[in-house]
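The values are calculated or read from the model by the stated rules, or taken from the named source; none is laboratory data. Given the structure is predicted, the values throughout are model-derived calculations rather than measurements. With ideal geometry, Cβ positions are generated from the backbone for all residues, glycine too; neighbour counts draw on all protein chains shown.
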Amino acid sequence: MEEEMSEVVRQFKPKFRSIHKTQIEDDLSENTASSLHQIELLRTVITKNVFNIVRIQTIDDRWIGIQLRDTYVTCGWLLSEVIRKLSQLRLNYDPADIVGFKTNNIHLDYHLSCLHYNLPNLNGVLLIPQIRQQLKEPINLDWFEIIKKLAAGGFSVVYLVKNKENGQFYAMKVIDKRLMIERDKEEMVFNERQILTRLNHRRIINLYCAFQSKSKLYFVFDYCPGGELYYHLRKQKRFSEEQAKWLFIQILDGLQYLHSQNIIYRDLKPENILIDQDGCPKLADFGLSKIVDNQEQLNYSFCGSLEYMAPEMIEQKGHNYTQDYYQLGVMLYEMMAGIPPFYAKTRQDMIKNIVSKQINYPHFFSKNLSDFITKLCNKDKTKRLCGKQIYQHPWLQGPIKKMPIKYQCDQFNFDKLFINQKCLDIESGPRCIAEEFNLLTLSQSRGIRDEEMCPFEKFSSFYYKK
Ligand SMILES: Nc1ncnc2c1ncn2[C@@H]1O[C@H](COP(=O)(O)OP(=O)(O)O)[C@@H](O)[C@H]1O
Ligand SMILES: [Mg+2]
């Protein structure tokens with residue numbers, strides 16, 4: 001076997017060494033600066049050439065070649081082939097511990113981590129194999145490399161992170177404990193945690209783990225690289241009827257799963273629908289969701305964005321699962337028209353519209369579509385189109401074309417406001433967010449310490465790992 005390998009090594013070495021030498025040297029100097037520990041044991045230049053051979057150079061200057069048997073091979077296949085080939089060499093670490101690759105392009109890194117994706121063009125790209133790091137249980141912030149700030153809200157910040165143990169990318173939602181307590185959101189955050197740990201469905205965001213540090217709570221989700229549906233809707237202004245229909249069916253699938261688990265979602269809007277790696281929508285943000293005893297149970301809380309609020313919630317008449325169908329109708333209208341149906345400049349006018357105005361449909365809405373939305377958005381919750389009946393409506397008859405959202409794979413699909421911000425140290429990060437939004441907390445200004453305000457024991461039930 002050794003002989004066979006050295007034959008392969010000899011075959012490739014002279015030809016490609018000169019071509020890639022300069023780039024290797026450049027990347028080496030860059031990497032030294034970032035001191036990549038064990039990961040640096042091996043560096044790899046991969047090139048696909050006309051003969052469909054991937055060449056790999058190890059740090060000790062040996063070359064191995066991997067033949068691409070097919071035009072389309074997956075990233076998972078490359079990873080396993082690299083591991084297999086390297087297992088035939090004598091190295092001072094176990095190649096089976098390679099969990100992925102690192103390049104100088106984060107979007108390419110993400111692509112390579114999706115093992116079912118086709119191999120991207122790797123011409124002249126320098127790949128550094130990432131070796132699994134052994135980290136101390138229980139899972140904590142040290143397990144993650146912080147890559148980018150993606151979004152921020154009133155008391156949470158969401159970062160793109162990479163797990164050092166398995167090489168996968170995740171979105172980490174960081175909540176400042178002080179802000180949460182002072183703004184009376186503790187119940188909401190624990191409710192979100194409880195609901196997320198119960199769910200397992202392809203149209204629902206997957207919670208990977210939850211943990212705490214001295215001053216923060218962390219939710220770690222599978223990363224959705226397509227960003228919010230809102231981002232795509234604003235970019236395209238409106239979706240085609242075909243696109244809206246496919247999205248509607250996918251979201252409906254997620255909502256009906258929630259209802260089958262006796263959960264009302266209550267916060268359906270394009271900001272909370274995320275686009276996953278395959279361009280499919282996933283429901284996220286369960287802060288306002290509610291576990292009920294049965295689907296008919298009436299609830300009286302007042303929550304969510306006004307544009308999407310059902311009339312029975314505004315009028316405090318009690319709402320149940322049917323209010324999710326109302327919001328689905330509002331969102332379908334928005335996907336087709338570009339704005340929600342009852343939108344007005346002032347809150348008063350919006351409330352008036354929601355409670356008493358009939359929807360006006362633009363001329364390009366088909367008759368079936370307008371009728372469908374009218375039935376979903378019936379102001380009388382007992383007469384609303386719900387559940388299985390939805391599938392019988394004429395608008396949903398006939399084949400539905402699969403239309404995943406086409407997002408840009410080589411850039412972040414998030415608001416530039418956050419993407420362009422520096423990634424701060426996470427432990428002090430949301431404190432800086434507090435400063436950004438001028439929200440320095442009351443307890444902080446009075447000099448109360450984190451340990452007094454948010455003792456660890458108080459949040460011990462927050463921990464979760466799949
Ligand atoms: N898994 C994820 N992948 C990508 N982006 C995410 C993910 N989870 C959250 N985000 C981003 O963070 C934003 C806020 O997250 P969300 O859970 O809705 O928190 P909030 O309760 O502050 O609204 C989302 O609208 C989205 O832009
Ligand atoms: Mg949200």
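Here are the numbers for this structure:
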read-out: Qualifying positions in region 143-168 - assigned to a loop (DSSP other than H, G, I, E, B) and within 22 Å of Glu451 (Cβ to Cβ); value: Phe155
read-out: Residue that is surrounded by the most Cβ atoms within 10 Å (Cβ to Cβ), among those in region 279-306 that are part of a strand (DSSP E or B) and either acidic (Asp, Glu) or away from ligand 1 (no atom under 13 Å from the Cβ) (or both); value: Lys290
read-out: Candidates His111, His116, His107, filtered to the one that is surrounded by fewer than 18 Cβ atoms within 10 Å (Cβ to Cβ), assigned by TED's automatic domain parsing to the domain that holds Asp60 and modelled with pLDDT of 95 or more; value: His107
read-out: Single condition Arg266 does not satisfy, out of (1) over 23 Å from Gln297 (Cβ atoms); (2) assigned to a loop (DSSP other than H, G, I, E, B); (3) within 16 Å of ligand 2 (Cβ to nearest atom); value: (1)
read-out: Enumeration of residues in region 107-124 that are of a type outside the set (S, T, N, Q) and within 23 Å of Gln134 (Cα to Cα); value: Asp109, Tyr110, Leu112, Cys114, Leu115
read-out: Segments classed as helices (runs of 4 or more DSSP H), wholly inside region 307-404, with at least 1 members that are farther than 24 Å from Leu288 by Cα; value: 322-337, 347-356, 367-376
read-out: Given (1) more than 16 Å from ligand 2 (Cβ to nearest atom); (2) assigned by TED's automatic domain parsing to the domain that holds Gly287; (3) surrounded by fewer than 20 Cβ atoms within 10 Å (Cβ to Cβ), number of the condition Lys245 does not satisfy; value: (3)
